[in-house]
1. Scanning the stretch 135-152 for residues that are surrounded by fewer than 16 Cβ atoms within 10 Å (Cβ to Cβ) and outside any loop (DSSP other than H, G, I, E, B), which turns out modelled with the highest pLDDT?
2. Identify the single condition in (1) open to solvent by less than 30 Å² (accessible area, probe 1.4 Å); (2) in contact (Cβ under 8 Å) with a residue 60 or more places away in the chain; (3) on the phi < 0 side of the Ramachandran plot that Gln61 does not satisfy, given that it satisfies every other one.
3. Is at least one residue of the stretch 127-134 of a type in the set (S, T, N, Q), surrounded by 14 or more Cβ atoms within 10 Å (Cβ to Cβ) and assigned to a loop (DSSP other than H, G, I, E, B)?
4. Could you say whether any residue in the stretch 78-88 is open to solvent by less than 40 Å² (accessible area, probe 1.4 Å), closer than 14 Å to Leu137 by Cα and free of Cβ contacts under 8 Å to residues at least 60 places away in the same chain?
5. Is it true that some residue in the stretch 102-114 is modelled with pLDDT of 90 or more, touching a strand residue (DSSP E or B) at 6+ places or on another chain (Cβ under 9 Å) and β-branched (Val, Ile, Thr)?
6. Any chance the stretch 5-12 includes a residue that's more than 14 Å from the chain's Cα centre (by Cα), of a type in the set (S, T, N, Q), modelled with pLDDT under 95 and farther than 26 Å from Ala105 by Cβ?
7. Say we look at the stretch 32-48 and pick out the residues that are modelled with pLDDT under 85 and farther than 22 Å from Ala76 by Cβ; which of these is surrounded by the fewest Cβ atoms within 10 Å (Cβ to Cβ)?
8. What pairs can you find where one residue is in the stretch 107-124 and within 21 Å of Gln48 (Cβ to Cβ), the other is hydroxyl-bearing (Ser, Thr, Tyr) and modelled with pLDDT of 95 or more, and their Cβ atoms are less than 6 Å apart, with a gap of 6+ or different chains?
Amino acid sequence: GTQGSGDGQFNYPYGVVVDGAENVYVADSNNHRIQQFSPVNQQLGSLQILKFNDLNGDGVQDGGEGVLSGWQFTVAGPGGYSFTGTTNASGLIALAGLVPGSYTAAETFQAGWRNTKPGGDVPSQNATVTGGATTSLTFGNQQVLPGDATGDGERNMADVIKIELIILGLDPPTPGAD
């Protein structure tokens, strides 16, 4: 590798170890890390998952919308790769040393929340991990308030009207529809 701090780059490499599977590990002293290389001289990649609190439910992390820790994800990938873990205090899961290929990250649903990015009952996203690069996925969730019948993150008169229309058996209008 060359000098630097990116994948496959080094800043004062100090030690090299080869394991039983012929993976090569290089201690990169001044970058405070150890890099792993596969036995077929293939540069490995990374996958990062970010989980945020989508306060307005628009599927985009806006200013003021913080991260969510303690959310469980399962990641599956090439060769039977499987990982299950939870987001840290920074709302992240960071996986390094991944063989390039297609990976699927799935969020474990939590009661009282709805997924806004990517959405769906079992929110998952696919990603292609490439050697020497970090691929990022973002998941957003909005907390569902009791009595928030419209799903807009607030309890207001629109919720009361929708609930009354449901009780009367009428089809309530969709918020924002003309």
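1. Taking the candidates together, the pick is Ser136.
2. (1)
3. Scanning the stretch 127-134 turns up at least one residue that is of a type in the set (S, T, N, Q), surrounded by 14 or more Cβ atoms within 10 Å (Cβ to Cβ) and assigned to a loop (DSSP other than H, G, I, E, B).
4. There is at least one residue in the stretch 78-88 that is open to solvent by less than 40 Å² (accessible area, probe 1.4 Å), closer than 14 Å to Leu137 by Cα and free of Cβ contacts under 8 Å to residues at least 60 places away in the same chain.
5. Taking every residue of the stretch 102-114 in turn, at least one turns out to be modelled with pLDDT of 90 or more, touching a strand residue (DSSP E or B) at 6+ places or on another chain (Cβ under 9 Å) and β-branched (Val, Ile, Thr).
6. yes
7. In this case the residue turns out to be Asn41.
8. Between residues of the stretch 107-124 that are within 21 Å of Gln48 (Cβ to Cβ) and residues that are hydroxyl-bearing (Ser, Thr, Tyr) and modelled with pLDDT of 95 or more, the close pairs are Ser124/Thr104.
The values are calculated or read from the model by the stated rules, or taken from the named source; none is laboratory data. Remember, predicted model here, so these are calculated numbers, not experimental data. So basically every Cβ, Gly included, is an ideal-geometry build from the backbone, and we count neighbours across all protein chains shown. Side chains included, ligands, DNA and RNA excluded: accessible areas come from the protein's heavy atoms. Shrake-Rupley method; radii C 1.70, N 1.55, O 1.52, S 1.80 Å.
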